[in-house]
Amino acid sequence: MALPQPVLPADHAKQPVTALHVKSFHDACLALASWPKVAVDFAEADVWRWVASNHRNNCLLWDEEDLARRTRASDADITANKRAIDGYNQARNDATERVDEFLLLSLGLIDAATASSDRPVAKVSASARLNSETAGSIMDRMSIMSLKIKAMTAQTIRTDVDAAHRDASASKLQRLHEQRNDLGSCLDQLLADSRAGTAYFKVYRQFKMYNDPRFNPVLVAELAAAKLQEHGAASVQLQARSAQQ
């Protein structure tokens, strides 16, 4: 028997993670006029807190991606969009990992003491298969699909285009729904197999090197050049003081 779909995002608190609830949550958020500017809050210990964070950052990222493609914006505006995109993308991935941590802990498939470390220790049987995609990453893809569905739905009712455009958009919309439903089936199957002990997934940590000044080679070079410039300026000041003495 199908579970009733909650109407508001907050109704999902403490609900089990299923494809039905994930799709319902994503769509309910997108129906809010205040979303994504205003976050939907959940308790710290509720996995939906991080499902919501992932979805919100995907929505904010989507809006910035649109803005970054403006053809009449200033270079400064596009640069600001790009920096915002990097930040939302990092937050989106961080939230996805937190979803996986919560789910793996609830399934008993990860050592609680190492859950938040860079190398969480899996607790699975030797016969369990490793799924290459995590439950959190499937939900992340479903979040993006919900945004595509919303955007394509808008195309099907435009009055400033011809019928051919609307018909093509309707065909694409059908395929988007199919893809999201398929992703949902994969999510439910992965969680069911994980509960049965026949499958598992890992938290790998998505090391976004371009956001880290310790690893991005351009940022490393910038820092080195700045230090060299500071050293040169300090040397010039020291020589000036020596000449005055």
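The values are calculated or read from the model by the stated rules, or taken from the named source; none is laboratory data. Bear in mind the structure is a predicted one, so any value in this text is a computation, not a measurement. All Cβ positions, even for glycine, are placed from backbone atoms using ideal geometry, and neighbour counts span all protein chains on display. Just so you know, the surface numbers come from the protein's heavy atoms only, side chains and all, with ligands and any DNA or RNA stripped out. Shrake-Rupley method; radii C 1.70, N 1.55, O 1.52, S 1.80 Å.
So the check is Cβ under 7 Å with 6+ separation or different chains; which pairs have a first residue in the range 73-91 that's in contact (Cβ under 8 Å) with a residue 60 or more places away in the chain and a second one that's in a helix (DSSP H, G or I) and among the hydrophobic types (A, V, I, L, M, F, W, C)?
89/61
Yes or no, residue by residue, for (1) in contact with a helix residue (DSSP H, G or I) (Cβ under 8 Å, 6 or more places away or on another chain); (2) within 24 Å of residue 20 (Cβ to Cβ):
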| residue | (1), (2) |
| --- | --- |
| 168 | no, no |
| 176 | yes, yes |
| 216 | yes, no |
| 220 | no, no |
| 235 | no, no |
| 239 | no, no |
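Any residue that is under 15 Å from residue 148 (Cα atoms) and not aliphatic (A, V, I, L, M) - is there at least one of those in the range 10-23? First the steps, then the outcome.
Quick first cut of the range 10-23, residues under 15 Å from residue 148 (Cα atoms) only: 23.
This time we only want the ones that are not aliphatic (A, V, I, L, M), so: 23.
Checked the range 10-23: at least one residue is under 15 Å from residue 148 (Cα atoms) and not aliphatic (A, V, I, L, M).
Looking at (1) charged (D, E, K, R); (2) open to solvent by 70 Å² or more (accessible area, probe 1.4 Å); (3) under 25 Å from residue 28 (Cα atoms); (4) touching a residue at least 12 places away in the same chain (Cβ under 8 Å), which is the one condition that is false for residue 66?
(4)
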